[in-house]
1. Taking the condition of being assigned to a helix (DSSP H, G or I) and more than 17 Å from R171 (Cα to Cα), how many residues in the stretch 31-49 meet it?
2. Looking only at the stretch 30-55, filter to residues that are of a type outside the set (V, I, T) and touching a residue at least 60 places away in the same chain (Cβ under 8 Å); which one of those is surrounded by the most Cβ atoms within 10 Å (Cβ to Cβ)?
3. For the stretch 123-139, check the following and say yes or no: at least one residue is open to solvent by 60 Å² or more (accessible area, probe 1.4 Å), basic (K, R), free of Cβ contacts under 8 Å to residues at least 40 places away in the same chain and out of contact with any His (no Cβ under 9 Å at 6 or more places or on another chain).
4. Given the criteria part of a helix (DSSP H, G or I), open to solvent by 70 Å² or more (accessible area, probe 1.4 Å) and in contact with a helix residue (DSSP H, G or I) (Cβ under 7 Å, 6 or more places away or on another chain), does R112 qualify?
5. Can you go through I130, I53, I71 and tell me which one is β-branched (V, I, T), more than 22 Å from the chain's Cα centre (by Cα) and over 30 Å from L33 (Cβ atoms)?
6. Are there any pairs, at least 6 apart or on different chains, whose C-beta atoms fall under 6 Å, with the first in the stretch 5-29 and touching a residue at least 24 places away in the same chain (Cβ under 8 Å) and the second aromatic (F, W, Y) and open to solvent by less than 90 Å² (accessible area, probe 1.4 Å), and if so, which?
7. Please verify whether I85 is open to solvent by 70 Å² or more (accessible area, probe 1.4 Å), modelled with pLDDT of 85 or more and within 20 Å of the chain's Cα centre (by Cα), treating the condition exactly as stated.
8. In this structure, does E168 turn out to be open to solvent by 90 Å² or more (accessible area, probe 1.4 Å) and either closer than 30 Å to E38 by Cα or touching a His at 6+ places or on another chain (Cβ under 8 Å) (or both)?
Amino acid sequence: AGVVLVFVLTPKLLVFFMPFVVGWLIALLANPLVRFMERRLKMVRKHSSMLIIITAIALVVIGGYFAITAIVRELYGFWAILPTIYGSFLQDLEEIRENLQGFSMRFPPQVREGAASLTNSLTESLGDLIGAIGKPTVEAAGTVAKNIPNALIHIIFAILSAYFFIAERDRIVQTLQEKIPVW
């Protein structure tokens with residue numbers, strides 16, 4: 001029962017505490033820099049940790065801005081050439097249709113009728129498939145939009161926990177050493 005409880009409860013607890021885990025990992029990465037600023041530059045630990053967190057956030061925001069602008073620029077370029085691609089695609093399909101039509105004239109009428117019904121069936125199936133693909137895509141977009149506030153709250157908690165893990169590191173370590181016995 002304990003093993004099952006661990007395997008069922010651990011993932012749920014990990015998801016619940018994920019902002020704090022992320023904050024702790026950020027604190028682990030930033031702590032050497034905070035220590036350097038504390039010793040060499042004689043900065044107060046809380047000030048240096050705040051400076052590092054703000055700098056990290058600024059770098060992430062700037063990187064996100066450049067990534068989003070690059071994606072938008074590429075999408076705009078793709079959107080601009082999409083009519084050309086579509087026209088070329090239709091021209092290629094028309095050429096294939098003409099070649100197949102010329103080739104199919106060599107077959108008996110029964111085979112041509114069977115091929116026509118097969119083509120109609122494939123066209124219907126393709127239309128149904130595209131419709132089926134479109135529905136989950138719209139639902140996924142709705143789910144993403146619905147989860148944005150939750151993600152923002154997780155990000156805020158991760159940032160705050162990173163700051164407190166860095167700024168109060170000595171007190172946290174001291175409290176843990178007092179509460180947890182040495183083996």
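The values are calculated or read from the model by the stated rules, or taken from the named source; none is laboratory data. The model shown is predicted, which means the values in this text are computed figures rather than measured ones. When we count neighbours, we look across all protein chains shown, and the Cβ atoms used for this are built from the backbone with ideal geometry, even at glycine. Note: accessible area is taken over every heavy atom of the protein model, side chains too, but ligands, DNA and RNA are not part of it. Shrake-Rupley method; radii C 1.70, N 1.55, O 1.52, S 1.80 Å.
1. Restricting attention to the stretch 31-49, the residues satisfying the condition of being assigned to a helix (DSSP H, G or I) are 31-39, 45-49.
With more than 17 Å from R171 (Cα to Cα) added as a condition, the list becomes 33, 36-37, 39.
The qualifying residues number 4.
2. Residues of the stretch 30-55 of a type outside the set (V, I, T): 30-33, 35-43, 45-51.
Filter once more, keeping what is touching a residue at least 60 places away in the same chain (Cβ under 8 Å): 30-31, 45-46, 49-50.
Details: A30: 20, N31: 16, R45: 17, K46: 14, S49: 26, M50: 16.
For the stretch 30-55, the residue satisfying everything is S49.
3. yes
4. Values: part of a helix (DSSP H, G or I): yes; open to solvent by 70 Å² or more (accessible area, probe 1.4 Å): yes; in contact with a helix residue (DSSP H, G or I) (Cβ under 7 Å, 6 or more places away or on another chain): yes.
Yes.
5. Working: I53 fails: over 30 Å from L33 (Cβ atoms); I71 fails: more than 22 Å from the chain's Cα centre (by Cα).
That would be I130, the only listed residue that is β-branched (V, I, T), more than 22 Å from the chain's Cα centre (by Cα) and over 30 Å from L33 (Cβ atoms).
6. G23/F165; W24/F165; A27/F165
7. Values: open to solvent by 70 Å² or more (accessible area, probe 1.4 Å): yes; modelled with pLDDT of 85 or more: yes; within 20 Å of the chain's Cα centre (by Cα): no.
In short, no.
8. Details: open to solvent by 90 Å² or more (accessible area, probe 1.4 Å): no; either closer than 30 Å to E38 by Cα or touching a His at 6+ places or on another chain (Cβ under 8 Å) (or both): yes.
The answer is no for E168.
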